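One structure is given here, and the rest of the page talks about it.
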Amino acid sequence: MRNLLRFRSLVPPAVLVALVLYPAIGWAAKIEPEATDARTLNIVDGFKAELLYAVPKDTQGSWVAMTVDDRGRLIVSDQYGGLYRVTPPPIGGAPNATFVEPLKINLGQAQGLLYAFDSLYVMVANKNAYKGAGLYRVFDTNDDDQFDDIKFLRQLEGGGEHGPHAIVPAPDGNSLYIVIGNQTKVTETVGSKVPMVWDEDLLLPRAYGNGFMKGVPAPGGCIYQIDPEGKRWEIIAVGFRNEYDAAVNRHGELFTFDADMEWDMNTPWYRPTRVCHVVSGAEFGWRNGSGKWPAYYPDSVPATVNIGPGSPTGIAFGYGAKFPTKYQEALFISDWSYGKLYAVHLTPEGASYIATFEEFISGSPLPLTDLIISPTDGAMYFAIGGRRTKSGLYRVTYTGTESIASAKPDSRGAAARNIRKMLESYHGRKVPKAVAAVWPYLGHADRFIRYAARVALEHQAPSTWGSRVFTEGNHEARINGAIALARVGPQSNRMPLLEALNQIPLSALNTEQHIRLLRAYGLVMMRLGRPDEGTTKALAARLDPLFPSNDRHLNAELCKLLVYLESPQVATKAITLLWQAPSQEEQIQYAMSLRHLKTGWNDDLRRTYFEWFNRASNYRGGAAFKKFVTYIRNEAVANVPANAKAAVEAILENAPSPVSPLKAIGGREFVKEWTLDELAPLLDKGLRQRNYAKGRKLFGEVACFSCHRFANEGGALGPDLTGVAGRFSPSDLLESILDPSKEVSDQYAPVVIMTTDGERVTGRIMNLSGNHLMLNVNMFDPHEIERVDRTKVESIESSKISMMPEGLLSLLNKDEVLDLMAFLLSRGDSNHAMFQ
């Protein structure tokens, strides 16, 4: 037990809980562990956390869902068992003997609970329990303070951890939101705010890795709005991976916290866990395999803020909490796997919001499952548990000196939100005046207003507005209207739409508009059919001069469309970009598109293309990464004509020798062993007129992209550096690069394990396998794993040495160091003042 305590803070929470619950023979006796001591939690200054109740696993299971009843009591559910009622003691008081009581009703296994309309709603996630997975409603019919009547409102086809989840009160006070994961089929509805014409909408075929959910089509996870009786279900939003919970802010706006697909890490289609503003008719673009839509697609809604790797669970706004204003207004979101409760701070911007976030509470282990703000005492309550781990109930109160007076409403953005809501009032219904009301907003500068206008238009009969797209004078409105007509109009509109888009001068558009134009072209051809050869050649000739551009996202979309059009120029240009791109994500985008190209090849280009796959064999990523690359390579080989295979045969047959990602990506020579004293004075005046593109290139050449994310590309084993400018001064950032071991974050700290037979292993504990600990021993490779027999562990201690290698800047000259520093401090903004 002593050794267990020594490495409590060094092991990922879910792994540590499993270690404690299922110790190997030869370790301590199999006794139930204590819930995590609240005194060991990291919490924002001025707040106090207390453990109210350690849930006895054998009798009360592991709690994953929570709600508050009309008397201020908590109702909770065991993931694999029944329901319990908790009467919290007064703040400062101790629980009594009847603190927790089982509810005398045969129902539970819920991943969503809500007390509303004088009843308890229960979302059962186990399709083999009771009457099946779905929504239940229970009542107390004889006023004895016990639920005694169960009504099964709706069976849902799906279950488990990607099945049906939370039940959330809607702001109208007369309906509910239902949150559904991506392994649940769409249920019968009376309507949809999302036009029910969703499709995969992929211009080129996707790639597959491990095949998880292969063949499962759009729309993915979704959110419904229902009446209290559960009879009328209407779709509000689609395209999530696995959103678990949702919450409504003071403005009546809905938010959720969506999951990532960790197997996709280090691919261009990886999407971190993210907070999403769930507007009416939203499509968030989840698709299986490599088919996930990028956030910049105009027919999708972007995230409000990306969080990072994790496992989203319960969320709640801080309204009603006796907290300082900042935290009353915060959206609290739970991450099960990393044991973090974040406070997300939303700021109105236009018709939506932007956000920052901070760690509010973290611990190890702290597998957070759900949280609520009590309307009775103004405290926060959160539960830990799930997957049969040790469960506990905690209370958080504020003990600092700041005012806890009720926050004042923030009216910023009200005008833009009102425009958006006016447009949303036409979603899901045909209204004669809708086209006239909507049309002026198709070209609006605000993305969310443009989106709401297009969705409203799609709900109206195309015969009432389609012809207006062809003559619309505003370029943005014409593009947006073309997207709408491609999605809902007849095939006969294909050529008129292409001609209307061709009339837009390319020189009149900025980079973002070029991307939207390309998406419109793609949707016309995906939805309405591929045009004749003369049309495709003409379109390729129109777009060829744009490629390559200075923007990697525009290049990715140009490459994709030009390959589809069989441009004779795209192979030469894309192969050059393939080898010049600094990140493996950007390279993979070009490689994946080129695998289907049949035009413009010669033997030298083919050899250069397939040599890249040998280079990519040294790249690293999530669990499906290598299978994705192999899939792309196999399809590329299959598309080589028989008479051209001889030119690449030797490359295909000769497997490359493995090298480290640092050498594979950079291969740079030693320049100088820089010191802080030499470089720090240069930062004051040297970070002006720097080269963003060169800084990004250097970020790849010295292998930073292998471990760190920046502006939504890169690895995930190290910290995300996109916002590093807000956390470090230039001098402190420089010092952390020169001396990475000076201060090592607990989240990324390696451990040193000594075994009874004298073996020493250093790395990060990532997982368990039988009686073995699995350690990642190479930050550049998530899959370089060493196994340590748990029965032979003598000690586990924190390493004082960072897994980040020293000397990376010694590969750069002075100007290169400054370009790299400017890139890191730019937050991904190529128009930052440092580059002017």
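Would you mind stating whether residue 810 is within 30 Å of residue 701 (Cα to Cα), open to solvent by less than 20 Å² (accessible area, probe 1.4 Å) and either at pLDDT 60 or above or touching an Asp or Glu at 6+ places or on another chain (Cβ under 9 Å) (or both)? Against the criterion (within 30 Å of residue 701 (Cα to Cα), open to solvent by less than 20 Å² (accessible area, probe 1.4 Å) and either at pLDDT 60 or above or touching an Asp or Glu at 6+ places or on another chain (Cβ under 9 Å) (or both)), residue 810 qualifies. Scanning the stretch 142-162 for residues that are free of Cβ contacts under 8 Å to residues at least 24 places away in the same chain and on the phi > 0 side of the Ramachandran plot returns 143, 145.
Restricting to the stretch 570-618, count the residues that are among the basic types (Lys, Arg) and not in a loop (DSSP other than H, G, I, E, B). Steps first, please.
Pass one, the stretch 570-618, residues among the basic types (Lys, Arg): 573, 595, 598, 606-607, 615.
From what is left, the residues that are not in a loop (DSSP other than H, G, I, E, B) are 573, 606-607, 615.
Number satisfying all stated conditions: 4.
Within the stretch 685-714, track down each residue that is over 18 Å from the mean Cα position of the chain (by Cα) and among the charged types (D, E, K, R). Within the stretch 685-714, 685, 688, 690, 694, 696, 697, 701 meet the criteria. Tallying residues that are part of a loop (DSSP other than H, G, I, E, B), open to solvent by 10 Å² or more (accessible area, probe 1.4 Å) and at pLDDT 95 or above within the stretch 354-375 yields 1. Checking the conditions here, which among 314, 308, 386 is buried (at least 21 other Cβ atoms within 10 Å of the Cβ) and modelled with pLDDT under 95? Among 314, 308, 386, only 386 is buried (at least 21 other Cβ atoms within 10 Å of the Cβ) and modelled with pLDDT under 95.
Scanning the stretch 239-260 for residues that are over 23 Å from residue 351 (Cα atoms), over 23 Å from the mean Cα position of the chain (by Cα), at pLDDT 95 or above and crowded, with 20+ Cβ neighbours inside 10 Å turns up nothing.
Go through 304, 267 for me and flag whichever is in contact with a helix residue (DSSP H, G or I) (Cβ under 8 Å, 6 or more places away or on another chain) and β-branched (Val, Ile, Thr).
Details: 304 fails: in contact with a helix residue (DSSP H, G or I) (Cβ under 8 Å, 6 or more places away or on another chain).
Residue meeting the stated conditions: 267.
Using the structure shown, decide if residue 301 is outside any helix (DSSP H, G or I), touching a Lys or Arg at 6+ places or on another chain (Cβ under 9 Å) and over 25 Å from residue 349 (Cα atoms). Step through it out loud before you land on a result.
Details: outside any helix (DSSP H, G or I): yes; touching a Lys or Arg at 6+ places or on another chain (Cβ under 9 Å): yes; over 25 Å from residue 349 (Cα atoms): no.
Taking the combined requirement at face value, the residue does not satisfy it.
In the stretch 261-298, what count of residues is obtained for those that are more than 17 Å from residue 344 (Cβ to Cβ), of a type in the set (Ser, Thr, Tyr) and within 11 Å of the chain's Cα centre (by Cα)? Final tally of qualifying residues: 1.
Residue pairs whose Cβ atoms lie under 7 Å apart, separated by 6 or more positions or on different chains, with the first residue in the stretch 268-293 and acidic (Asp, Glu) and the second at pLDDT 95 or above and open to solvent by less than 10 Å² (accessible area, probe 1.4 Å), are 283/194; 283/238; 283/239; 283/299; 283/300; 283/301.
Close Cβ contacts (under 6 Å, 6 or more residues apart or on different chains) running from residues in the stretch 179-193 that are farther than 26 Å from residue 289 by Cα to residues that are of a type in the set (Ser, Thr, Tyr) comprise 193/280.
Residues in the stretch 459-486 that are farther than 25 Å from residue 417 by Cβ, open to solvent by 10 Å² or more (accessible area, probe 1.4 Å) and either outside any loop (DSSP other than H, G, I, E, B) or touching a His at 6+ places or on another chain (Cβ under 7 Å) (or both): 462, 463, 464, 467, 468, 470, 471, 475, 478. On the given criteria, is residue 548 within 20 Å of residue 606 (Cα to Cα), assigned to a loop (DSSP other than H, G, I, E, B) and in contact (Cβ under 8 Å) with a residue 12 or more places away in the chain? When the stated conditions are applied, residue 548 passes them. Looking for something over 19 Å from residue 342 (Cβ atoms), touching a Pro at 6+ places or on another chain (Cβ under 7 Å) and surrounded by 17 or more Cβ atoms within 10 Å (Cβ to Cβ) - is there at least one such residue anywhere in the stretch 437-458? Looking through the stretch 437-458, at least one residue is over 19 Å from residue 342 (Cβ atoms), touching a Pro at 6+ places or on another chain (Cβ under 7 Å) and surrounded by 17 or more Cβ atoms within 10 Å (Cβ to Cβ). Residues that are over 23 Å from the mean Cα position of the chain (by Cα) and in a strand (DSSP E or B) were ranked within the stretch 190-235; the one that is surrounded by the fewest Cβ atoms within 10 Å (Cβ to Cβ) is 191. Can you tell me which condition residue 655 does not meet? The list is (1) more than 34 Å from the chain's Cα centre (by Cα); (2) among the small types (Gly, Ala, Ser); (3) part of a helix (DSSP H, G or I), and all the others hold. Evaluating residue 655 over (1) more than 34 Å from the chain's Cα centre (by Cα); (2) among the small types (Gly, Ala, Ser); (3) part of a helix (DSSP H, G or I) leaves (3) as the failure. Every residue in the stretch 165-190 that is among the small types (Gly, Ala, Ser) and in contact with a helix residue (DSSP H, G or I) (Cβ under 8 Å, 6 or more places away or on another chain), please. Within the stretch 165-190, 181 is the sole residue that qualifies.
For the stretch 339-353, a residue qualifies if it is crowded, with 21+ Cβ neighbours inside 10 Å and out of contact with any His (no Cβ under 7 Å at 6 or more places or on another chain), and the qualifying residues are 339, 340, 341, 342, 344, 346, 351.
The values are calculated or read from the model by the stated rules, or taken from the named source; none is laboratory data. Since this is a predicted model, take the numbers as computed values, not measurements. Glycine gets a Cβ as well: all are built from the backbone with ideal geometry, and neighbour counts include every protein chain shown. The area values use the complete protein model at the heavy-atom level, side chains included, leaving out ligands, DNA and RNA. Shrake-Rupley method; radii C 1.70, N 1.55, O 1.52, S 1.80 Å.
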